[in-house]
Amino acid sequence: MSRILRRLGRYELLEKLATGGMAEIYLAVERGVRGLERLVVIKRILPHLASHESFVDMFAQEARFIARLSHPNVVQIHEFSQEDGEYYIAMEYIPGSSLREVTVAAAASGKPIPVDVAVSMTVQACRGAHAAHELKDPAGQPLGLVHRDISPHNLMVTSEGNVKLLDFGIAKAAQGDFEQTATGTLKGKYAYMSPEQCEHRPLDRRSDVFALGIVLWELLAGERLFRRESEMATLNAIAHEDARDILDARPDVPRPVATALMTSLRRNRDERPATAEDLRKALSAACAEHGLQVSEDVVAPWLRELLGPAHEARKAAVHAAMESTLARTPSDAIADVTRRDRTEAAATVIHPDDEGEARTTPGKRASPAGLTTAEAPLPVNPEAQQARRSRGGSGGAPTRRVPILVAAALAGAVVAGGMFAYLVPPPEKPLSGPPLTLGLAPIHDPVLLAEEMEPLRLYLQRYTGRPVQFTVTADYEDLSRKVIAGELKFGSFPPYLYVMTHARDPRVQVLAFKLFEGSTGTDGVMLVPEDSPASSLKDLKGKRFCYTDRNSTSGYVLPRGKLRQEGLDPDTHPGDVHFSGGHLQLLKDLNAGLCDVGATYSGAYLAADRAGVSVTRMRTLAITGRSPQDAICAGPAATPDERALVGAALLKFDPKKETGVETLGAVQRISGFAPGRDSDYEALRRALPPEVKPAPGEPAGHGAQGSVSGADDHRPQR
């Protein structure tokens with residue numbers, strides 16, 4: 001029997017579907033007079049953000065945008081309200097699938113999406129985008145609205161073949177009261193940005209036209225267009241590489257359709273269609289030329305064949321959930337919440353990857369009912385799923401069919417990416433034994449690090465049953481020294497620091513790599529102020545360089561290697577050197593004019609705005625190389641049992657289950673951990689110049705000398 005989680009205004013919240021960085025999403029039912037009712041989706045601002053006026057303004061902005069849009073290809077809003085300081089939006093419930101899910105299901109079927117179906121869905125998306133672009137203020141003046149996040153995740157298609165544009169959470173108007181977000185802030189899904197969006201340039205509707213072109217290209221090709229091995233590489237590809245011709249990936253696309261599509265993907269926005277409506281007309285005309293129909297009538301029968309059973313299962317589950325609440329009183333609902341069993345484990349069917357895309361995790365978890373994570377983003381074979389459900393779990397635990405079904409049924413309904421989870425806190429264990437101590441290299445401000453890593457510390461305590469203590473060390477070398485000396489049993493090591501430390505004491509071993517939004521690697525970057533005249537590293541002769549720390553991979557070793565690759569002496573080319581101590585502090589120093597160029601890693605640059613550090617006044621001058629993410633390592637003081645225990649705990653860590661959000665920390669954005677080995681550093685070791693390759697027993701940092709001036713030589717870490 002489905003439980004009413006709580007009431008919010010006149011809505012009964014049935015299931016939590018997702019939690020993001022700003023809001024959480026619920027399936028809800030609105031009860032009207034004389035038995036009238038309708039399903040809605042409630043988007044509620046997270047409680048800890050409700051007191052921040054800027055977040056509330058942004059939330060209200062989204063509501064105002066959607067409320068002014070009345071178009072069949074745009075999600076409809078019913079109400080924006082607040083109750084006891086809780087702000088929420090009630091919006092249309094869309095039964096169907098995201099275009100991302102459609103693409104995945106089509107790939108699983110082994111059959112490409114027909115050209116007329118792909119174009120028909122994109123044409124409807126163009127209509128919705130054009131309606132948003134044409135939005136006017138009460139005085140009749142154009143707002144110049146740009147969605148900024150059009151992607152397959154934010155486009156839903158119903159069983160009837162109707163496509164709707166969702167999620168105006170980061171949409172931005174060019175004027176008036178709607179100018180709420182920081183100009184130039186990099187927001188949206190990287191692989192669907194326009195070149196001007198990647199480069200922090202002013203945007204207009206042609207940015208969304210480019211995104212629509214990417215969506216159609218991927219629907220037709222069944223593969224990704226711009227996504228690369230890292231975020232910075234993706235942004236670089238969009239900004240500097242021409243889009244691959246669709247005819248190379250899908251030769252059967254009619255040439256006029258291909259021409260219209262590829263025109264929308266021109267890097268020079270002046271060469272793209274001026275409006276989404278122009279793109280719609282061009283695509284429709286190209287299809288008509290080849291006798292292809294463009295209509296939802298084309299989409300519906302194809303979609304029913306692909307996902308019909310899944311959609312029917314969703315409808316049945318939602319109906320069952322609604323019916324089960326009708327005979328219940330408010331006191332019943334309150335009692336249900338009070339009696340909720342806190343020992344139920346999480347059962348996450350789908351969770352998003354670095355761009356909110358549906359994916360599954362290797363090493364699937366089992367729920368109390370014996371349910372495992374889904375093999376695909378959609379229940380394509382409901383009969384097989386039902387058979388798995390009926391088996392139940394060990395110990396005779398009853399199968400919670402309705403809640404699991406409701407969640408699975410809603411994986412594609414109005415929530416971009418199809419993500420949800422059951423957030424039930426695990427039982428606390430009594431702590432015993434000596435503490436497990438872990439040192440953190442000061443890659444960021446110590447207070448920020450401690451705050452972002454606290455959920456991991458608490459998780460490790462629960463998993464191991466031991467007290468766990470985290471310490472941010474004074475600097476990188478201090479971490480190396482304390483782990484080798486046994487003052488700390490474990491440490492979080494940047495890659496070069498690990499290489500140096502392991503050379504001194506091979507007993508220091510890698511347990512697991514951090515995953516930065518699913519990625520095990522990161523790019524080093526060199527940044528300059530936006531108005532810098534430098535076009536290459538050669539132009540920085542005699543300029544002041546900002547580095548992070550002598551033992552920092554991307555903040556010192558890689559940029560020096562890059563200078564050497566360019567034929568420049570890393571000791572004499574800079575005029576002066578400044579050590580900032582941490583990556584965010586380096587970005588602050590660059591903004592403050594303390595240096596002419598700064599070396600950091602792509603993750604710090606991409607996440608800086610979340611920590612209140614603006615990157616709008618800087619640009620990437622060079623990518624210095626790729627390296628592994630930081631790793632949790634065990635030192636000689638850790639026993640074999642402790643190494644095994646902590647290693648297993650890290651590999652099972654799920655931020656969604658522990659914190660309710662997909663990644664740990666707004667800046668570190670740890671999505672989990674992956675197994676690590678010393679051999680994973682061989683490529684980095686080979687790339688190191690001779691003077692920074694340590695000899696066994698050599699102190700970390702001994703070989704990494706640079707041209708350091710004055711007090712910066714032994715500058716304390718921040």
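The values are calculated or read from the model by the stated rules, or taken from the named source; none is laboratory data. The shown structure was predicted, so the numbers you read here are calculated from the model rather than taken from an experiment. Heads up, the Cβs are rebuilt from the backbone with ideal geometry, glycines too, and the neighbour counts pull from every protein chain shown. Each accessible area value is taken on the protein alone, full model and side chains, heavy atoms only, with ligands, DNA and RNA left out. Shrake-Rupley method; radii C 1.70, N 1.55, O 1.52, S 1.80 Å.
For the reader, a short list of remarks on this structure follows.
- 3J(HN,Hα) couplings calculated from phi for the stretch 664-678 with the Karplus curve 6.51 cos²θ - 1.76 cosθ + 1.60 (θ = phi - 60°) are, in sequence order, 8, x, 5, 9, 6, 6, 7, 9, x, 9, 10, x, x, 9, 4 Hz; Gly and Pro show x.
- About the Cα centre, charge dipole magnitude for the stretch 487-625 (Lys/Arg +1, Asp/Glu -1 at Cβ), debye: 240
- Sequentially through the stretch 632-646, phi angles give Karplus couplings (6.51, -1.76, 1.60; θ = phi - 60°) of 8, 10, 9, x, x, 7, 7, 6, x, 5, 5, 4, 5, 5, 5 Hz, Gly and Pro residues having no value and appearing as x.
- Amide H contacts of L511 (H built 1.01 Å from N, in plane; Pro and chain starts excluded): I632, C633, A634 sit under 5 Å, all sequence-distant by 5 or more or on other chains.
- L651 sits with roughly 80 Å² accessible to a 1.4 Å probe, with DNA, RNA and ligands left out of the calculation.
- Projecting the Cα atoms of H290, T275, H240 onto the charge dipole of the stretch 232-302, computed from C-beta unit charges around the Cα centre, puts H240 farthest toward the positive end.
- Exposure of D242 as accessible area (Å², to 10), given a probe of 1.4 Å and all protein chains: 120
- Across F59, F470, the residue with the most accessible area heads the list, and the full order at a 1.4 Å probe is F470, F59.
- The heavy atoms of R619 present about 60 square angstrom of accessible area, all protein chains included, probe 1.4 Å.
- In this structure, the amide hydrogen of S151, modeled 1.01 Å from its nitrogen in the peptide plane, lies closer than 5 angstrom to no residue at least 5 positions away or on a different chain.
- Extension gain for the segment R617 to H290, taken as residue separation times 0.36 nm less the Cα-Cα distance, is 112.9 nm to one decimal.
- Gyration tensor over the Cα atoms of the stretch 203-287: the corresponding equivalent ellipsoid has semi-axes (square roots of 5 times the eigenvalues, largest first) of 20, 17, 9 Å.
- Calculated FRET efficiency, E79 to R457, Cβ-Cβ distance, R0 = 45 Å: about 0.65 to the nearest 0.05.
- Taking the charge dipole of the stretch 469-543 about its Cα centre, with +1 at Lys and Arg Cβ atoms and -1 at Asp and Glu Cβ atoms, the residue from G518, H502, A534 reaching farthest to the positive side is H502.
- Charge dipole (Cα centre; +1 on Lys/Arg Cβ, -1 on Asp/Glu Cβ; no other charges) of the stretch 189-252 amounts to roughly 180 debye.
- Estimated at 0.36 nm per residue, the fully extended path between A687 and T263 surpasses their Cα-Cα distance by 148.6 nm.
- Sorting K538, K16, K543 on solvent-accessible area from highest to lowest, probe radius 1.4 Å, gives K538, K543, K16.
- At full extension, S432 and D252 could sit 58.2 nm farther apart than now, given 0.36 nm per residue minus the alpha carbon distance.
- In a simple Cβ point-charge model (Lys, Arg +1; Asp, Glu -1; nothing else charged), the stretch 260-319 has a dipole of about 260 debye relative to its Cα centre.
- For the stretch 517-573 and the stretch 69-147, distance of Cα centres in Å: 42
- Rolling a 1.4 angstrom probe over the stretch 485-543 with all protein chains present gives an accessible area of which 48% lies on carbon and sulfur atoms.
- K136/E37 FRET efficiency (R0 22 Å; Cβ-Cβ; nearest 0.05): 0.05
- Modelled FRET efficiency - R0 22 Å, D678 with D505, Cβ distances, 0.05 increments: 0.95
- Take the stretch 525-636 with all the other protein chains still there, run a 1.4 Å probe, and you get 32 Å² of accessible area per residue.
- Cα convex hull volume per residue for the stretch 550-630 (Å³): 96
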